[in-house]
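Colleague: Just dropping this structure here.
A short reminder: the numbers here are calculations on the coordinates, not readings from a lab. What you see is a predicted model; the values in this text were computed from it and never measured. Here the Cβ positions follow ideal geometry from the backbone for every residue, glycine too, while neighbour counts run over all protein chains shown.
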Amino acid sequence: MKSIEVNFDGLVGPTHNYAGLSEGNVASLSNATESSNPKSAALQGLKKMKALHDMGLHQGVFAPQERPDIYSLKRLGFQGTDAQILAAAYKASPTLLAACCSASSMWTANAATVSPSADTMDQKLHFTAANLANKFHRSLEPETTSNILKAMFVDDKYFQHHQHLNDNEHFGDEGAANHTRLCQGYGEQGVEIFTYGRSGFNRNKPAPTKFPARQTLEASQAIARLHGLSADNTVFVQQNPEVIDQGVFHNDVIAVGNQNVFLYHEQAYLNTALFKEELMGKFAGDKLHFLEVSTEQVSIKDAVNSYLFNTQIVTLKDNSMAIIAPTHCRDNASVYDYLQSLTTGDNPVNHVEFFDVNESMKNGGGPACLRLRVAMTEQELGAVNPDCLLTNALYTKLVAWVNTHYRDKLLIDDLRDPQLLIESRTALDELSQILSLGSVYRFQQ
């Protein structure tokens, strides 16, 4: 049975702004308070989607969240009309209002953890929306994320949806950003790697001291149980606390894998040798390519600043692989030199494509952050909401939609503008019709 991988990229929402909300994310903090360009951000993301589609890859579209989140502000005690609530929230705390306006759902690598049917006991494709409990602005996302996932993957014959884990730091879950699947072919049983930063209950285990470890071991174990995964095809590995304290807030900032290729930095993990030994013992394919980047080749600082590891590795129609990288990788000498050497080495990766996703990069997310990977059979693909799969016609329609509804400049002060709420809801109402999502947003219910 033929299987493929679909990348579902997050559409950047109309309230895309720089508020520096993400502690531990160097780019997010360093660009706080700058003006953003929501229109440019959304068009950059769409251009990347279209380019991958034109390369012959299967590409999907993931809708953004409703922002500003008036409902959360009401829950926090702000009262009156929408305009009065926005004004009062801004007066009380501009940072709080910014958190309730965050467009962070654009990074769909944090939307959910996905286990393909080849790996699960019931042979269904499983989804668990991430609770994102470590950051207030992201903890507002799971309910709507689940609604969108269920509107995209509807048929319960093929798809199994789970409620997000308990909203507590002990079960902090950041989704696919800390989950990697290696396999020979997308339809064959793979090894699912769950990377965690700390234990939620055993505080004697190693943990970072400067920045928070957002993913816990217990959350990863819970998802493996929910998805019906076997111990024979799961690996739990701890991220190196020292690199978390250097700005590596998710595993996908320090490692990326695709099929039988695993690209990672030598400082990425604790006990790397044991991790590799377990992985090789559980990998069912012919050859597993470990592509280890040394500190001498690329420093942690350069890896974080360029997002070398937040690239996508994709398999093309000729079964070769390409790296989808931000232009920051081209502009960093050591990273560019490493990528050039990589494409001439003894591995399936033979070329690199560079994309301008600067609006996303400035807010702390690269190409890999923008997409949720879903490996599926042809039958499962046929059961996906077809209006969420990119075509030339949908691309044209979405570009026109962005140009109609999005602003080209946004400052923190603009978030209290009640017209922005109206513009955002109008845009999302139209988008939900374009993508045939139904009433996934609270303002529609």
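Colleague: Within a 10 angstrom radius of the beta carbon, how do K205, K317, K50 rank from fewest other beta carbons to most? Mind dumping the intermediate values first?
Modeller: Details: K205 13, K317 8, K50 19.
The order, fewest Cβ neighbours first, is K317, K205, K50.
Colleague: So what is the relative contact order for the range 360-445, in percent, with contacts set as C-alpha pairs under 8 Å and at least six apart?
Modeller: Working: 21 pairs, mean separation 23.9, N = 86.
Averaging sequence separation for qualifying contacts and normalising by length gives 28 percent for the range 360-445.
Colleague: So what is the relative contact order for the chain, in percent, with contacts set as C-alpha pairs under 8 Å and at least six apart? Don't skip to the answer; put the middle values down first.
Modeller: Values: 955 pairs, mean separation 106.7, N = 445.
It comes to 24 percent, rounded to a whole number.
Colleague: Right, next: Once label points are set 7 Å from the Cα along Cα→Cβ at both S294 and Q84, what is their separation, rounded to one decimal in nm?
Modeller: Label-label distance for S294 and Q84, simple model: 6.7 nm.
Colleague: Give the distance, in whole Å, between the Cα centre of the range 327-404 and the Cα centre of the range 85-123.
Modeller: 20
Colleague: Say each of N204 and T396 gets a label point 7 Å from the Cα, pointing the same way as Cα to Cβ; how far apart are those two points in nm?
Modeller: Label-label distance for N204 and T396, simple model: 6.6 nm.
Colleague: Within a 10 angstrom radius of the beta carbon, how do E353, E141 rank from fewest other beta carbons to most? Please list the in-between numbers first.
Modeller: Details: E353 16, E141 25.
Least crowded to most crowded, the residues run E353, E141.
Colleague: Among F283, F153, what is the fewest-to-most ranking by other Cβ atoms within 10 Å? Show your work: numbers first, answer last.
Modeller: Values: F283 19, F153 23.
Fewest-to-most Cβ neighbours within 10 Å comes out as F283, F153.
Colleague: Comparing G185, G281, G365, which has the greatest mean-square fluctuation in the GNM of the chain with Cα pairs linked when under 10 Å apart?
Modeller: Judging by the Gaussian network model, the answer is G281.
Colleague: Next up: Could I have the simple spin-label model distance between Q123 and S436, label points 7 Å from Cα toward Cβ, reported in nm to one decimal?
Modeller: Placing both labels 7 Å beyond Cα along the Cβ direction yields 2.7 nm.
Colleague: Contour minus end-to-end for Q184 and T404, with contour as 0.36 nm per residue of separation and end-to-end as the Cα-Cα distance? Mind showing how you got there, number by number?
Modeller: Values: separation 220, 0.36 × 220 = 79.20 nm, distance 4.38 nm.
That pair, Q184 and T404, stretches by 74.8 nm at full extension.
Colleague: Further, regarding this structure: Full-extension gain between N166 and A273, please, as 0.36 nm times their residue separation minus the C-alpha to C-alpha distance. Before the final figure, lay out the partial values.
Modeller: On the way: separation 107, 0.36 × 107 = 38.52 nm, distance 3.29 nm.
Here the answer is 35.2 nm.
Colleague: Which helices, taking whole DSSP H runs in the chain, have alpha carbons extending 30 angstrom or more along the helix axis plus mean Kyte-Doolittle at least 1.0? Could the numbers behind the result be given before it?
Modeller: Numbers: long enough: none.
None clear 30 Å together with a mean of 1.0.
Colleague: Calculate the FRET efficiency for K317 and D356 from the Cβ-Cβ distance with a Förster distance of 30 Å, rounded to the nearest 0.05.
Modeller: On the way: r = 25 Å, r/R0 = 0.83.
That pair, K317 with D356, gives E of 0.75.
Colleague: Same structure again: To the nearest whole percent, what portion of all C-alpha pairs in the chain is separated by more than 38 angstrom? Could you put the intermediate results ahead of the total?
Modeller: On the way: 15583 of 98790 pairs.
Of the Cα pairs, 16 percent sit more than 38 Å apart.
Colleague: Another one. For the range 364-371, in order, what is each residue's ³J(HN,Hα) by Karplus, 6.51 cos²θ - 1.76 cosθ + 1.60 with θ = phi - 60°, in whole Hz (x at glycine and Pro)?
Modeller: Taking θ as phi minus 60°, the curve returns x, x, x, x, 6, 5, 7, 10 Hz for the range 364-371.
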